[in-house]
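Presented below is the structure to which this report refers.
The values are calculated or read from the model by the stated rules, or taken from the named source; none is laboratory data. Since this is a predicted model, take the numbers as computed values, not measurements. We place every Cβ from the backbone using ideal geometry, glycine too, and count neighbours over all the protein chains shown.
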Amino acid sequence: MNHTAIDITEKEIWEILENVKDPEIPVISVVDLGIVRDIEKVDGKWVVTITPTYSGCPAMSVIQMEITTALLDAGINDLEVKTVLSPAWTTKWMSEKGKKALKEYGIAPPLDNEGKESELFGDMPAIECPHCGSKNTTMTNRFGSTPCKSLHQCKDCKEPFDYFKCH
């Protein structure tokens, strides 16, 4: 696909970015994760606005580079990838497709609309094990393999798993 900033559509750019995966969770796109906030054409240049899942997320520089590379590979040379921190990213921006991909990968997706302060202080609601479906689970550590996840273990199948924290 070879486009210029003049003939490509916003819809086509969203489709291109569906193929850019999160470097820490390679089964979910940056679009399904909700990191891509907006795509707009400003003075003939395409501007892609992104928001990190956490302020200071170490993957954001890689994500910005991969978005830029994907668009350059598609022939879009006049572009900018802009990071904004406000409003802060929320798990509510994740797509259902993305949540399903997380679960199939072995990461418990965030609970629907339950991004409560209680999770931050250890008073966790029951998290369903992505391996066996049991809710007989416990949090073993507030921090999992990345800052946006906590570590849990299923008391039934005994498997450890990450939970994508709500916020």
Residues being hydrophobic (A, V, I, L, M, F, W, C), at pLDDT 95 or above and either in the same structural domain as Thr53 (by TED's automatic domain parsing) or not in a strand (DSSP E or B) (or both) - total across the range 130-160: 2
Hits in the range 43-53 - residues which are over 19 Å from Ser145 (Cβ atoms) and touching a residue at least 24 places away in the same chain (Cβ under 8 Å): Gly44, Lys45, Trp46, Val47, Val48, Thr49, Ile50, Thr51
Test: residue in the range 54-71 that is more than 28 Å from Ser145 (Cα to Cα) and buried (at least 19 other Cβ atoms within 10 Å of the Cβ): yes
Count of residues meeting criterion [basic (Lys, Arg) and assigned to a helix (DSSP H, G or I)] in the range 54-94: 1
Qualifying residue in the range 97-115 (condition: more than 18 Å from Asp162 (Cα to Cα) and modelled with pLDDT under 95): yes
